Amino acid sequence: MATDQDPKIAEDGVQDVPLTIARPLLTRLIEQAREDDLVSALTVRGRRRAYLVTPDFYERALADRARIASLEK
């Protein structure tokens, strides 16, 4: 049976996971990120506090940020 504490996929495609239940699910969340490219947001009281992404996703985000910064100059 689903509860308010269960992970849910939000409209933006990010899986919201309450921090209170994330710890026992961490292995599964990491595998979902790695195998399915599913981004998870760790939430506290329904507010996103941190994201779980793959290293490739993070490195691309850094490169995109640098590209945007150079275009703004």
Does segment 36-52 contain any residue that is open to solvent by 70 Å² or more (accessible area, probe 1.4 Å) and among the aliphatic types (A, V, I, L, M)? no
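Can you confirm whether segment 60-73 contains a residue that is touching an Asp or Glu at 6+ places or on another chain (Cβ under 9 Å) and outside any helix (DSSP H, G or I)? Break it down into steps so the answer makes sense when it comes.
So the first thing to find is which residues in segment 60-73 are touching an Asp or Glu at 6+ places or on another chain (Cβ under 9 Å), and the list is none.
No; the residues of segment 60-73 include none that is touching an Asp or Glu at 6+ places or on another chain (Cβ under 9 Å) and outside any helix (DSSP H, G or I).
Conditions tested, residue by residue: (1) assigned to a loop (DSSP other than H, G, I, E, B); (2) more than 12 Å from the chain's Cα centre (by Cα).
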| site | (1), (2) |
| --- | --- |
| Asp12 | yes, no |
| Ile21 | no, yes |
| Pro24 | no, yes |
| Leu29 | no, no |
Here is a check on your reading of the model: is Glu11 among the acidic types (Asp, Glu) and open to solvent by 100 Å² or more (accessible area, probe 1.4 Å)? yes
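The values are calculated or read from the model by the stated rules, or taken from the named source; none is laboratory data. Owing to the predicted nature of the structure, the values given are computational and were not obtained by experimental measurement. With ideal geometry, Cβ positions are generated from the backbone for all residues, glycine too; neighbour counts draw on all protein chains shown. Keep in mind that these areas ignore ligands, DNA and RNA; they rest on the heavy atoms of the full protein, side chains included. Shrake-Rupley method; radii C 1.70, N 1.55, O 1.52, S 1.80 Å.
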